[in-house]
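Each value in this text was obtained by applying a stated rule to the coordinates, not by laboratory testing. Predicted model only: the values in this text are computed from it and were never measured. When we count neighbours, we look across all protein chains shown, and the Cβ atoms used for this are built from the backbone with ideal geometry, even at glycine.
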Amino acid sequence: MAKQTKPFLVLQLRPETEASDNEFEAIVRKSGLPPSAFDRLRLEQNPLPGTFSLDDYAGVIVGGGPGCVSDPPEEKSPVEKRIEDTVLSLMPEITTRDFPFLGCCYGIGILAHHLGAPVAKGRYSEPVSVTTAQLEEAGSNDPLLAGLPQTFDAFVGHKESVQALPQGCAHLVSSPACPFQMIRYGKSVYATQFHPEADGDVFELRINIYRHRGYFDPQEADTLIEAAHKGNPQHAAKILRNFVVRYG
């Protein structure tokens, strides 16, 4: 890989500092790059700077969070609305320029919503768990999925889902309960429903933090933690590594 000249921008949405810090550390660790290769911005704390330009970055990575794109506006807090508006404001330029983008969990809802596809809680939600993801035909030939087996463990937990493949997108990965686990728009705009940065330790922390946020029965927390530690995070993490190698 040639020497990286621009950082990757990591946009984070989680209001809990412990969860946010852990997510960023996981992204850095799974990417294989040093922390200096990333600029981190917690959108719940700070807006984009007035001098912001995509030209300053090698690519954009959007983390997950408790917000849902499909929630009615009146149910969103002012902070959630501001975060959503900020990320959506970047999508026209990202998709028009085919700028390197990797949206994780929340990011697939943002991308699909921007492209006019339905995002809702009616179907395809998944409890906090490790599911079996499967490469679709387009995924078998995609550079971000190079080196992954036909099936692999994916760490999931989401209330809303993409309900139909957005126009212009390639369908890369599916799972038994959720058909749209990974999609690509153009050649460089990617989004996953699962968390490629996650592993058992990451999910244990999130389960403890979000146990009363409606993702699962709080009494099941210990069982979910045990199951998460049985998942194999190795293959999904290659997606992050492939992204930074390809675009860094």
Here the Cα Rg-to-2.2 N^0.38 Å ratio for region 135-193 is 1.06
Would you mind checking 76/230; 187/230; 159/187; 6/76 for any pair whose Cα atoms are more than 32 angstrom apart? 76/230; 187/230; 6/76
Along the charge dipole of the chain, Cβ charges K/R +1 and D/E -1, which of 62, 31, 161 sits furthest on the positive end? 31
So if I take the centroid of the Cα atoms in region 10-76 and the same for region 150-179, what is the distance between those two points in Å? 21 Å
List the lysines whose Cα sits under 17 Å from the Cα of residue 30, skipping any in the same chain fewer than 8 residues away. 238
Eigenvalues of the alpha-carbon gyration tensor of the chain, times 5 and square-rooted, give semi-axes in Å, largest first, of 24, 21, 19
If you line up the Cα atoms of region 1-80 on their principal axes, what length do they span on each, largest first, in Å? 47, 28, 20
Contact order relative to length of the chain, as percent, for alpha carbon pairs under 8 angstrom and 6 or more apart: 23 percent
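List the chymotrypsin sites (Phe, Trp or Tyr not before Pro) within region 1-97 that fall in a DSSP loop (any state other than H, G, I, E or B) and whose Cβ has at most 16 other Cβ atoms within 10 Å. Can you show the working numbers first?
Working: sites: 8, 24, 38, 52, 57; in loops: 52, 57.
Those that pass, being in a loop and sparsely packed, are 52.
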Estimated dipole of region 6-52 in Debye, rounded to 20 [Cβ of Lys and Arg +1, of Asp and Glu -1, Cα centre]: 240 debye
Using +1 at the Cβ of each Lys and Arg and -1 at the Cβ of each Asp and Glu in the chain, identify which of 190, 179, 83 lies farthest towards the dipole's positive end. 190
For region 90-248, with +1 on Lys and Arg beta carbons and -1 on Asp and Glu, the positive-most of 218, 131, 170 along the dipole: 170
Taking H as built 1.01 Å from N, whose amide H comes closer than 5 Å to the amide H of residue 39, not counting residues under 5 places away? 8, 9, 10
To the nearest 20 debye, what charge dipole does region 8-247 have about its Cα centre, counting +1 at the Cβ of each Lys and Arg and -1 at the Cβ of each Asp and Glu? 440 debye
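Report the gain in length on full extension from residue 159 to residue 55: 0.36 nm times residue separation, minus Cα-Cα distance, nm rounded to one decimal. Can you show the working numbers first?
Numbers: separation 104, 0.36 × 104 = 37.44 nm, distance 3.38 nm.
Going from the current span to full extension adds 34.1 nm.
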Applied in sequence order to region 167-178, the curve 6.51 cos²θ - 1.76 cosθ + 1.60 (Karplus, θ = phi - 60°) yields integer Hz couplings, x standing for Gly and Pro, of 4, x, 9, 8, 8, 9, 9, 10, 9, x, 9, 9
When the chain is fully extended, how far beyond the present Cα-Cα distance does residue 96 get from residue 79, taking 0.36 nm per residue of separation? 3.4 nm
